[in-house]
1. If a residue must be modelled with pLDDT under 90 and facing chain B (nearest Cβ under 9 Å), how many such residues does segment A:121-158 contain?
2. Could you go through segment B:668-682 and let me know if any residue there is surrounded by 19 or more Cβ atoms within 10 Å (Cβ to Cβ), under 20 Å from A:W68 (Cβ atoms), free of Cβ contacts under 8 Å to residues at least 60 places away in the same chain and assigned by TED's automatic domain parsing to the domain that holds B:G541.
3. Out of curiosity, is A:A96 more than 7 Å from every other protein chain (Cβ to nearest Cβ), hydrophobic (A, V, I, L, M, F, W, C), without any contact (Cβ under 8 Å) to a residue 40 or more places away in the chain and under 30 Å from B:V99 (Cβ atoms)?
4. Take the residues in segment B:21-43 that are small (G, A, S) and exposed (fewer than 13 other Cβ atoms within 10 Å of the Cβ), then tell me which one is farthest from the other protein chains (Cβ to nearest Cβ).
5. Need a quick list: helices (runs of 4 or more DSSP H) entirely within segment B:571-662 having at least 1 residues that are within 14 Å of chain A (Cβ to nearest Cβ).
6. Give me the pairs: first residue in segment B:577-594 and farther than 14 Å from B:M645 by Cβ, second residue among the basic types (K, R) and assigned to a loop (DSSP other than H, G, I, E, B), beta-carbon distance under 8 Å, and six or more apart or on different chains, which are they?
7. Please go through segment B:130-179 and give me each residue that is touching a Cys at 6+ places or on another chain (Cβ under 8 Å) and either closer than 19 Å to B:T443 by Cβ or assigned to a loop (DSSP other than H, G, I, E, B) (or both), ordered by number.
Amino acid sequence: MKPRRLCLLLAVLALALSGCGTKKSTAQPDPLLHAYDVEPDWSNPDHLFYLNYQQAQGKRIFYDKCVWCHADSTPAGPSNRSNLNPMPALANDGSALNSLSDDYLRNIITLGGSAVSKSAMMPPYGKTLTQDEIQAVIAFMRAIAQPPYQPPARPGPQYSTR
Amino acid sequence: MPAEEMGKASRKLRLAFAISSVVFVAVLAISPLKDYFAPWRQYKRAYARFANTRPDTKRLLADYHSGIDQIWIPELKVVDRCTTCHQGITQPSLMDASVPQPFRAHPSIPHHALDWGCVVCHRGQGLATEVREAHETTLGWEQPLLPTHFIQASCGVCHQSDIPETPQLNRGRQLLVDLNCFRCHRMNVSERIYVPPPDLSNIGHKASREWIYKWLKEPRTILDSDGNVVTNGYANEPRMPQFRLNDAELRDLSAFLSTRQNEPLGSHQIDPRIVAAWQKKPDVADQGETRFRQMFCTTCHAVAVTRAGQTQLIGGNIGPELTKIGSKVNEDWLIAWLRNPQSYFGYAQMPRYQWSDEDLYKVSRYIMTRLTDSDLLSDVPKMDPPTPAEIQAGKQLFVGKGCANCHGIQGIKAPKEFGPDLSAVGSKTVSELMFGDAKIPHTLVDYLRSKIENPTSVNTTAAMPQYHLKKEDVSALITALLSMTRRPDAPAFAKLVVRATPSKFQPAGQFGELYDRYKCYLCHQFNGYGGTLAPDLSFEGSRAQKAWVVSFLKNPQTLRPASTFRMPQFNFTDAEASTITDYLEMVMQSPQVNPNPDNSSKTSPELVALGKQLYEVKYQCQSCHTIGATGGYVGPNLSNLGSWMRPAWIAAWLKNPQALVPGTIEPRREFTDQEIQALSAFLMTLKQTPTSAKAGSAAGGSR
């Protein structure tokens, strides 16, 4: 009688506890499936940058308005970049752009080169693009930067509940 | 019963009672314990711990409570509990990638999550409170999360006309039309510029039985080592897919098609004197090639060029690729076609050019002798003249394989509902799909990918032919297909749908005839209708001077040396050029531009000098525009602007370019009225003498 009862008890417990288990999926998802868009690394086409919505909108605007002077090849063929003096920075040139803050980039895009004492060849886009669009372009440039862009260190917790 | 036995029994009973009490308490405890350790509660506690490490803890925890969170929007029937775990989605400070999931903020998009819920876009199960049930397909809940790669499909559920934010969806919708998917499958496609497949009622005049055999077997004839040919980023894939036909079927179909000669060939005689004069000249094909290039046939037709071992197609993809066309067509047919494409079949999209017999002879000789491949038909078996039995069997195949869905042919009606209805394919559940023996994950996305890449992978008897598509194009097609869903049954959704607004620009009268004849709309936009290859002509009457339009039509030039696309040389007659110019001037006007230019608009040497200084120093327009030999080549060449554009247009353009041509890349600046006057005065002095006028361009006009 006793062992049978014990068996029953264990079975009930096992049944009850089995419900607590959670299944974990082990398959690694393809990163492409979780990206809104991709952009190949300009210096290494086999390496892809995965873009979120904002960066992808930035890419679209970049390839419409900016690519002509800030890349070495364009959808129409050759670039206008080598034609200009001073030569504009490549949009993925991390060594030149990573040290510039988002605010600085927003200013030069909005107000043009002459507003920040740079070449007047860079026209202002503040009346052509919205601030969201300009921010998206900056997000795209940050995403494709080589060497990679590191956002400035976040200020540490100023207050804590513990 | 003796007392001690009673005591023994009661001890046993007490023990049993004690054990069962413990079990009872344990069982009772399981439920609250299970609840306490539920994954969503763990995520809630983890979020609180995480928020405490952030500088803005107070704000992050402002709405925090220990229960289930949900977004409830009755009018959309949205009850989404996703925010129970994804607690930071509305916190702007949690946007960056260093924030661990599931706490990261939602990227900023035009629709706020609290107004729309999550499932409307991401699909999955809003009511579920377990990770797997919310995200994946389970037995009871069949709609898995839509991978972000295809998320634009959800935009397309409501936005039925293309929006710039969804390039992948737009491309997919274009492909559904270009690849003729909509001709076999029922689906909603919006009106697009599209070159329909040819009518085959007279194909027997055009191509031989051997060529038809080869084409049906393998429509792709130019391949590089990867099996692709790429031109300017677009694969120049023949729109004809590959059908899985065996030798007997190929013989029957080619027999049937090669005997289709319902009507006699149109006029194809070239003046015998011209033929006699040119026949013996050794360079007739070379001259034909020069003419072919001068006329810019390559704006619509690509031709393969092999350089340094790499095969590349140069040219557009509006018309078919022509590299081996000389091995396909019959010369009499070619001449008749070039003279009048619409006489071969009425809806042909090739413009009807004005040819001189001499040019026609030269170009046809070039096509027939240089655009050839002697090996093209070498693997086609020898065939005897078609027998009536073969022709009859071929006719049955033509119907059975669905050829008539795309190709018109006299005497055969297109079968209705040939392929499965795809108008709600995006709502299909996994249990509605037949995966066959395919070793693929059982999801709708994987099913569609497998089906598009190889139709027989999920159904060995599939009638769907084989397309050869690039990976990006497959993704684009999947996105467009997933966007076709059953409407959610909330009535509020019906109001949200942004319908495609079909717009057709179909002028009448003499201009209408020319517009149809030269197919202007294939490249140019007219009031929102037409192609995007060439500048929008909606406001051309406000922009260009009359004399310039006439001279451009007679001799179209471009200033963009990089561009392979130029307006073809149509050889307009004087009367045609003047009809077109008059129409553009009278009708294609912008309300933003004063049609009666102010005669008092002053110009003086001082104003011109000021304008020149503004152009060169203050605004440095030369970074994008060329005058003479110097400047950039982003915008159009301005060397001849004074003879090209109207002063009122220039002033309006400088004030606000996007108001005239939405989306133009010329940035809008804050010029003062005086600066605009000075710049206009300066720009209007830029003129080239007509003999050297090579720079006047329309190709660069809008951008």
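The values are calculated or read from the model by the stated rules, or taken from the named source; none is laboratory data. Treat the numbers as computed from the prediction; the structure is a model and nothing was measured. Glycine also receives a Cβ, built like all others from the backbone with ideal geometry; neighbour counts cover every protein chain displayed.
1. Going through segment A:121-158 one residue at a time, the tally reaches 6.
2. Yes, segment B:668-682 contains a residue that is surrounded by 19 or more Cβ atoms within 10 Å (Cβ to Cβ), under 20 Å from A:W68 (Cβ atoms), free of Cβ contacts under 8 Å to residues at least 60 places away in the same chain and assigned by TED's automatic domain parsing to the domain that holds B:G541.
3. Here the answer is yes, as A:A96 does meet what is asked.
4. So, considering only residues that are small (G, A, S) and exposed (fewer than 13 other Cβ atoms within 10 Å of the Cβ), the one farthest from the other protein chains (Cβ to nearest Cβ) is B:S21.
5. Values: elements: B:574-587, B:605-613, B:641-644, B:647-655, B:657-660.
Helices (runs of 4 or more DSSP H) meeting the threshold: B:605-613, B:647-655, B:657-660.
6. As it stands, the answer is none, since no pair meets every condition given.
7. B:V131, B:A134, B:L146, B:I151, B:S154, B:I163, B:E165, B:T166
Residue by residue, here is whether (1) in contact (Cβ under 8 Å) with a residue 12 or more places away in the chain; (2) more than 10 Å from chain A (Cβ to nearest Cβ); (3) among the acidic types (D, E) holds:
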site	(1), (2), (3)
B:P102	yes, yes, no
B:D115	yes, yes, yes
B:C118	yes, yes, no
B:R123	yes, yes, no
B:F150	yes, no, no
